[in-house]
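Asker: Dropping a structure here in structure tokens format, bear with me for questions.
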Amino acid sequence: QVQLVESGGGLVQPGGSLRLSCAASGSIDSLHYMNWYRQAPGKQREWVATITSDAATNYADPVKGRFAISRDNATNTVYLQVSSLKPEDSAIYYCNAPEYDIWGQGTQVTVSS
């Protein structure tokens, strides 16, 4: 079973960018779908983006045009480039392998001036 570890979060100003990483402990070749979710304090967990093994992508409406999901099977890593950040993007961001219900522990993104 693959384990997932997120990194790359931090404190950024509005309009800034980060690249979030989700490092897998093993090959992600067998994982057709990979997701990013986020959860802000007092709010429900929200789906953010999905990428398939052939690089097809889908995004939640609030992040369309600003976020980009990608995957690198050679390094067993999934990325989420988050750009044009707004304070409402502040949340813990989690990666997810839904076919096996695998979740990382999350990385904090805080957008504030």
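The values are calculated or read from the model by the stated rules, or taken from the named source; none is laboratory data. Because the structure is a prediction, the values reported are computed rather than measured. Reconstructed Cβ throughout: ideal geometry from the backbone, glycine too, with neighbour counts over all protein chains shown. With ligands, DNA and RNA removed, areas are computed over all heavy atoms of the protein, side chains included. Shrake-Rupley method; radii C 1.70, N 1.55, O 1.52, S 1.80 Å.
Asker: What part of the accessible area of the chain, given as a whole %, is carbon or sulfur when the probe is 1.4 angstrom?
Answerer: Using a 1.4 Å probe with all protein chains present, the chain comes out at 46 percent carbon and sulfur.
Asker: Diagonalise the Cα gyration tensor of region 74-113 and give the resulting equivalent ellipsoid semi-axes, square root of 5 times each eigenvalue, largest first, whole Å.
Answerer: After scaling each eigenvalue by five and taking roots: 24, 13, 8 Å.
Asker: Cβ neighbours within 10 Å, averaged per peptide: list 84-91, 98-105, 73-80 in order, most packed at the top.
Answerer: Values: 84-91: 16.2, 98-105: 13.4, 73-80: 18.1.
Order by mean packing, descending: 73-80, 84-91, 98-105.
Asker: If the only charges are +1 at each Lys and Arg Cβ and -1 at each Asp and Glu Cβ, what is the size of the charge dipole of the chain around the Cα centre, to the nearest 20 debye?
Answerer: That gives the chain a dipole magnitude of about 340 debye.
Asker: Return the inverse of the average 1/r over all pairs of distinct C-alpha atoms in region 20-75, which is the Kirkwood hydrodynamic radius, in Å to one decimal. Could you put the intermediate results ahead of the total?
Answerer: On the way: mean 1/r = 0.0807 Å⁻¹.
After inverting the mean inverse Cα-Cα distance, the result is 12.4 Å.
Asker: Determine the per residue accessible area of the chain with all protein chains present and a 1.4 angstrom probe, expressed in square angstrom.
Answerer: 53
Asker: Provide the per-residue ³J(HN,Hα) series for region 46-54, in order, calculated from phi with Karplus coefficients 6.51, -1.76, 1.60 and θ = phi - 60°, each as a whole number of Hz, with x at glycine and proline positions.
Answerer: 10, 5, 10, 7, 9, 9, 9, 5, 9
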